[in-house]
Amino acid sequence: MCSRLRRVESPVPRYYFDINDGRNERDEVGVLCVSLQAAVFEAKKLLPAVAADEVPKDGERQAITVLVTDEDGKAVYLAALAYTGTWLIR
């Protein structure tokens, strides 16, 4: 389970979810997650939500990644989603 509470003292670790969808979006706030597995689950949910708002801008390909880092800035998980469209008519 994860929560987007602002900066508070908590024994629960904070994870950050940096998004790259052609441009880098650094997560400055982070999310409190009870475990690394909960943070990974959060990243997996975040990917399709980001993809739903992104339309490939340069042709028919788009890659979206979510990099999860811990409170020390160490990368702990990377989730990726790729879109490829192919025209079937000419």
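Just so it is clear, none of the values below were taken in a lab; they were calculated from the coordinates. This is a predicted model, so every value here is computed, not measured. Neighbour counts are summed over all protein chains in view; Cβ atoms, including those assigned to glycine, are modelled from backbone coordinates with ideal geometry.
Its Cα gyration tensor gives the chain an equivalent ellipsoid; the semi-axes, largest first and in whole Å, are 31, 11, 10.
Once both labels are positioned 7 Å from their Cα atoms along Cα-to-Cβ, the gap between E54 and V76 label points is 2.3 nm.
With the helix formula -39500 (n - 2.57) applied to DSSP H stretches of n ≥ 4, the chain reaches a computed 222 nm mean residue ellipticity of -6500 deg cm²/dmol.
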